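The values are calculated or read from the model by the stated rules, or taken from the named source; none is laboratory data. This structure is a prediction, so every number in the text was calculated from the model and none was measured. Every residue, glycine as well, gets a Cβ built from its backbone with ideal geometry; the counts of neighbours run over all protein chains shown. To get the accessible areas, we keep the full protein, side chains included, count just its heavy atoms, and leave off ligands, DNA and RNA. Shrake-Rupley method; radii C 1.70, N 1.55, O 1.52, S 1.80 Å.
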Amino acid sequence: MNIEFADVSVKKGEVTVLQDISIRLSERRIGVIGRNGSGKSTFARLFNGIEVPTSGKMLLDGVPERKNLRRHVGFVFQNPDNQIVYPIVEEDLAFGLKNLKLSRNETEDRIADAMRRLGIDHLRNRLTHQLSGGEKQMIALVGVLVMRPRMIVFDEPTTLLDLWNKQKFMATINDLPQHVVVVSHDLELLRGFDRILHIEAGRIVADGNPVSVLDNYIASSQC
Amino acid sequence: MLTDLYIFADSPLHRTRPGIKIGVLVLFCTLLFVFEGWVTLALGGVAVALCLALSGLRARHVVATLRPAVWILLAIFLVQSYLVDILFASFVVFRFAVLILAATVVTATTRTSEMVDGILAGLQFAPSWVPKNQIALGVSLCLRFIPLVLSVFHDVRQAQRARGLDRNLTALLVPLVVRTLKTADEVAQAIHARSFD
């Protein structure tokens, strides 16, 4: 699978958030770094169409896509509280599948399968607002996984997690068979990735392997 | 809390179709106002008590449901006592309590997703321009986000107290509204990301 940004710019009012991004992404593990307000969250939201380019095009496997991007790309938000829609875990997980108009059996199979794979079957009948932060983040991820996207984008997924949950969550991400894009300030989490993009002031200023990009990023922050 | 009230059980009320429960609730509430009187109210009270027992709700759930309404019920009682008499005030307050508990029976035995299905079933004959899915989802989100808004409220109140602003309504409301709207924005994006049209 590959996603291509062709001269993509995003403007919000008078402010240019992203400018002339042209890039083709096909690696399985892609990390995105940058300062606060650099445009990386907007960049991440373009992947599944939450954000729409003001100019330019998004191409999926070489074909221009707009509305169907979200069928192929899942999105996990920083704060799972804002992603979980229903009060009971099981019915929240069924939300996306219902939107895809899947049968009840297919819905139940997919939920059971995804929960078993992540080892959280015991949460199935729990009230979502009573879960811990780590459990909520897992539920948010399962809510995306059940829709079987080909790529999953994570926007600072570990910011609200403690060390244990962070490591568990990252191990889960690393085991995913899908293509993964992770926006994060936690550089250690991105060390084993295939490709790192460094965004500043709405432009990609560095693009390459983790060793060179991350080391340069750290060096630039110490100037 | 309202969203704490769903009781995991397999009672006849749990198995009843949500559309029927919502319909009966609306009818029950209407009848309590149409046939005003202590006899009707007593019969209604007994019916609600039976349903509560049948749905698996315990006394603590009933107390938890009525507790947030105590001050409002008390205010109604005082005003009605002053305007009419104590007997009528008691009647009005008792009727409100029965209505609240009748609604509790529905929320305790109906999952939010089932309630959405019930609302959608009720709207099936509505004209095509009526945004049925959006209305149903809107209702479900109201239930889901009560605890979230409450937790934002507590966060903001604690933050303001830490700054010495104990009784400043503006200092409480402005950040609460701003954070709630911001959350609403992200929730809308999340719903869109999960293929809701």
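Summary table below
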{"quantity": "Members of the range B:10-57 found to be assigned to a loop (DSSP other than H, G, I, E, B) and under 18 Å from the mean Cα position of the chain (by Cα), listed by number", "calculated": "B:Leu57"}
{"quantity": "Yes/no for A:Glu27 being in a loop (DSSP other than H, G, I, E, B), farther than 23 Å from A:Gly133 by Cα and within 13 Å of chain B (Cβ to nearest Cβ)", "calculated": "no"}
{"quantity": "Cross-chain or 6+ apart pairs with Cβ under 6 Å, the range B:43-59 first and assigned by TED's automatic domain parsing to the domain that holds B:His14, then outside any helix (DSSP H, G or I) and aliphatic (A, V, I, L, M)", "calculated": "B:Gly56/B:Ile7; B:Gly56/B:Ala9"}
{"quantity": "Residues within the range A:45-59 that are in a loop (DSSP other than H, G, I, E, B) and open to solvent by less than 40 Å² (accessible area, probe 1.4 Å), tallied", "calculated": "5"}
{"quantity": "Criterion (in the same structural domain as B:Thr180 (by TED's automatic domain parsing) and open to solvent by 60 Å² or more (accessible area, probe 1.4 Å)) met by exactly one of B:Leu143, B:Leu150", "calculated": "B:Leu150"}
{"quantity": "Test: B:Ala171 is open to solvent by less than 60 Å² (accessible area, probe 1.4 Å), modelled with pLDDT of 85 or more and not assigned by TED's automatic domain parsing to the domain that holds B:Ser113", "calculated": "no"}
{"quantity": "Unmet requirement for B:Arg161, which otherwise passes all of (1) at the interface with chain A (Cβ under 9 Å from one of its Cβ atoms); (2) open to solvent by 70 Å² or more (accessible area, probe 1.4 Å)", "calculated": "(1)"}
{"quantity": "Matching entry among B:Val79, B:Val62, B:Val39, B:Val34 (being open to solvent by less than 70 Å² (accessible area, probe 1.4 Å) and either out of contact with any strand residue (DSSP E or B) (no Cβ under 9 Å at 6 or more places or on another chain) or not assigned by TED's automatic domain parsing to the domain that holds B:Leu143 (or both))", "calculated": "B:Val62"}
{"quantity": "Given (1) outside any helix (DSSP H, G or I); (2) out of contact with any Leu (no Cβ under 7 Å at 6 or more places or on another chain); (3) within 24 Å of B:Leu143 (Cβ to Cβ), number of the condition B:Ile7 does not satisfy", "calculated": "(2)"}
{"quantity": "Filtered residues of the range A:121-162 (kept if open to solvent by 40 Å² or more (accessible area, probe 1.4 Å) and either under 15 Å from A:Asn174 (Cα atoms) or within 11 Å of another protein chain (Cβ to nearest Cβ) (or both))", "calculated": "A:Arg124, A:Asn125, A:Arg126, A:His129, A:Gln130, A:Arg150"}
{"quantity": "Filter result for the condition that a residue is without any contact (Cβ under 8 Å) to a residue 24 or more places away in the chain and surrounded by 23 or more Cβ atoms within 10 Å (Cβ to Cβ), over A:Val63, A:Val76, A:Val15, A:Val85", "calculated": "A:Val85"}
{"quantity": "Residue within the range B:112-126 that is exposed (fewer than 13 other Cβ atoms within 10 Å of the Cβ) and within 14 Å of chain A (Cβ to nearest Cβ) present", "calculated": "no"}
{"quantity": "Unique match (being in contact with a helix residue (DSSP H, G or I) (Cβ under 9 Å, 6 or more places away or on another chain) and more than 27 Å from B:Leu54 (Cβ to Cβ)) among B:Phe91, B:Phe96, B:Phe77", "calculated": "B:Phe77"}
{"quantity": "The lone exception for B:Leu181 - which of (1) modelled with pLDDT under 85; (2) not assigned by TED's automatic domain parsing to the domain that holds B:Arg15 it fails", "calculated": "(1)"}
{"quantity": "Matching residues in the range A:79-100 - criterion: being farther than 12 Å from B:Arg194 by Cα and more than 9 Å from chain B (Cβ to nearest Cβ)", "calculated": "A:Pro80, A:Val89"}
